[in-house]
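This report refers to the structure that appears directly beneath it.
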Amino acid sequence: MREGIVYVDGKWYPPERAKLSVFDHGLLYGDGVFEGIRFYNGRVFKLDRHVDRMFESARLIGLTPPITKEQFREVILETCRRSGLSDGYLRPIFTRGEGDLGLDPRKSKAPSCVVICSTISLYGDKHHTGLSAIVASVRRPPRVSLNPNVKSLNYLNNILAKSEANAKGADEALMLDVEGNVAEMSADNIFVVKGHTVYTPPTVNCLVGITRETILELCEGRFPVRTEMFKLDFVLQGDEVFLTGTGGEVAPVITVEGHPIGSGKPGPVTLELQQRYFDLVRSTGTPIPTANGGSATEKVAASSVA
Ligand SMILES: Cc1ncc(COP(=O)(O)O)c(C=O)c1O
């Protein structure tokens, strides 16, 4: 049995009973957008930032969400509340909705809104010991083909990279753009540390990661930051490398293609930022309302459990 609860278009279901049509273009064509959000200690981390990014992804693909931002925010909080979990992971999704077997999005008249609330565990102990990475042969699609800031339901490019890592026995895949610049990991942003300076690519060839933004905030007044493009050799010559993502959090990368990075162990800058990130996510965020006390339950009064 899966943990958690799932909201689908106005109702909540146990995970096994949550369903969408096989004619939904989210399934047929990957036509839709999603978010990954975490909550810790009964608080949703950077909820408004995630809601804004989700609506921006939808806008970039011309998808009108079936719900306002304010309603969506309340649905997310109510889904957390109903899950009974105090720590977990949310996967909100807007799909284009049911259409016919052609890809024309105009045929889909009613987009769907799904919010999965469950748990996630990606790297376990490797948060402390560090991850191995390969360099994927598949490149990130160029911005003119697909804006990397659309967090779309089509992740095949990333999955092919991850499969290459799996086939080579590595934990993760580093991805380049078509010009050979370092872009990101298969589902995380990438940082390189040289001396005390923290480098990360600009969000031209990678997702505007919310964990990335948080790390940049945590660096303020502590470590100099340079947001600039770099190639693979810069990564291999780095003192430290780490990845950031809502699911993966902050994790050291200690080898790339078998080459040890720096000392081959998680470095001090990474470990400090990781600790400060964990402290921040566990002490801030939007509180999940309780059964009788919060605003979320009142505002989603029209919905029911199926
Ligand atoms: C391709 C890609 N890059 C980066 C990230 C990290 O983004 P965030 O920190 O907002 O989770 C993700 C996370 O989903 C991703 O899919």
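Any read-out appearing in this document is the output of simple, stated calculations on the displayed coordinates, not a laboratory observation. Predicted, not measured: the structure shown is a model, and the values here were computed from it. We place every Cβ from the backbone using ideal geometry, glycine too, and count neighbours over all the protein chains shown.
Rg (Å, one decimal) plus Dmax (Å, integer) for the alpha carbons of the chain?
19.8, 57
By how many degrees, 0 to 90 and rounded to 10, does the Cα axis of helix 47-60 deviate from the longest principal axis of the chain?
Tilt relative to the chain: about 80 degrees.
Within the chain, what percent of beta bridges assigned by DSSP are antiparallel, to the nearest 5?
Working: 44 of 55 bridges.
Expressed as a percentage, antiparallel bridges in the chain total about 80.
For Asp233 and Ile120 in one chain, what is 0.36 nm times their gap in residues minus the Cα-Cα distance, to one decimal in nm?
Numbers: separation 113, 0.36 × 113 = 40.68 nm, distance 3.28 nm.
The span from Asp233 to Ile120 would gain 37.4 nm if fully extended.
What's the exposure ranking of Asp31, Asp239, Asp188, Asp52, going from fewest to most Cβ atoms within 10 Å? Intermediate values should be presented prior to the final figure.
Details: Asp31 23, Asp239 17, Asp188 30, Asp52 13.
If I rank by nearby Cβ atoms, fewest first, I get Asp52, Asp239, Asp31, Asp188.
How high is the relative contact order of the chain, in percent, counting Cα pairs under 8 Å that sit 6 or more residues apart? Walk me through the numbers on the way to the answer.
Details: 652 pairs, mean separation 66.4, N = 306.
Relative contact order of the chain: 22 percent.
At 222 nm, what helix-only mean residue ellipticity would the chain give, in deg cm²/dmol to the nearest 500, using -39500 (n - 2.57) for each DSSP H run of four or more? Each step should come with its number before you reach the end.
Details: 9 runs with 84 residues, N = 306.
Calculated from helices alone, the mean residue ellipticity at 222 nm is -8000 deg cm²/dmol.
I'd like the orientation of helix 268-281 relative to the chain: the angle between its Cα long axis and the longest Cα principal axis, in ° from 0 to 90, rounded to 10.
In the chain, helix 268-281 runs at an angle near 20 degrees to the longest axis.
I'd like the distance between the alpha-carbon centres of the range 210-256 and the range 1-79, rounded to an integer number of Å.
Taking the Cα centre of each part, the range 210-256 and the range 1-79 sit 28 Å apart.
Given a Förster distance of 22 angstrom, what is the FRET efficiency for Asp279 paired with Glu213, based on the Cβ-Cβ distance and rounded to 0.05? Each step should come with its number before you reach the end.
Values: r = 17 Å, r/R0 = 0.76.
With R0 = 22 Å, the Cβ-Cβ based efficiency is 0.85.
Filter Lys46/Lys151; Lys69/Lys109; Lys107/Lys162; Lys168/Lys265; Lys19/Lys126 down to the pairs with a C-alpha to C-alpha distance above 28 Å, please.
Details: Lys46/Lys151 17 Å; Lys69/Lys109 20 Å; Lys107/Lys162 33 Å; Lys168/Lys265 21 Å; Lys19/Lys126 34 Å.
Among Lys46/Lys151; Lys69/Lys109; Lys107/Lys162; Lys168/Lys265; Lys19/Lys126, the Cα-Cα distance tops 28 Å for Lys107/Lys162; Lys19/Lys126.
Over the C-alpha atoms of the range 126-266, what are the Rg and the largest Cα-to-Cα span, Dmax, in Å?
Rg, Dmax (Cα atoms, Å): 13.8, 41.
Reported to two decimal places, what Rg/Rh ratio describes the range 1-82 when computed on Cα atoms with Rh from the Kirkwood expression? Intermediate values should be presented prior to the final figure.
Working: Rg = 13.5 Å, Rh = 14.1 Å.
Rg/Rh for the range 1-82 comes to 0.96.
Relative to the longest principal axis of the C-alpha atoms of the chain, give the angle of the C-alpha long axis of helix 156-167, reported between 0 and 90° and rounded to the nearest 10°.
So the helix axis and the longest Cα principal axis differ by about 50 degrees.
Hey, fewest Cβ within 10 Å first, where do Arg96, Arg139 land in order? Provide the component values of the computation, followed by the final result.
On the way: Arg96 28, Arg139 17.
Going from least to most buried by this count: Arg139, Arg96.
Between Lys109 and Glu56, what FRET efficiency comes out of the Förster formula 1/(1 + (r/R0)^6) with R0 = 25 Å and r the beta carbon distance, rounded to 0.05? Before the final figure, lay out each step's value.
On the way: r = 23 Å, r/R0 = 0.92.
So, using R0 = 25 Å, E works out to roughly 0.65.
Report the relative contact order of the range 248-294, percent, no decimals, based on alpha-carbon pairs under 8 angstrom and at least 6 residues apart. Present the calculation step by step, with values, prior to reporting the outcome.
Values: 21 pairs, mean separation 14.2, N = 47.
About 30 percent, as a whole number.
Among bridges DSSP assigns within the range 126-266, what percent are antiparallel (round to 5)? Mind dumping the intermediate values first?
Working: 18 of 27 bridges.
Beta bridges within the range 126-266, antiparallel portion: roughly 65 percent.
Would you mind ranking Cys113, Cys206 so that the residue whose beta carbon has the fewest other beta carbons within 10 Å leads the list?
On the way: Cys113 20, Cys206 23.
Fewest to most other Cβ atoms nearby, the residues stand as Cys113, Cys206.
Hey, for a label at Asp48 modelled as a point 7 Å past Cα toward Cβ, could you say which residues of the range 58-89 have their backbone N under 17 Å away?
69-77
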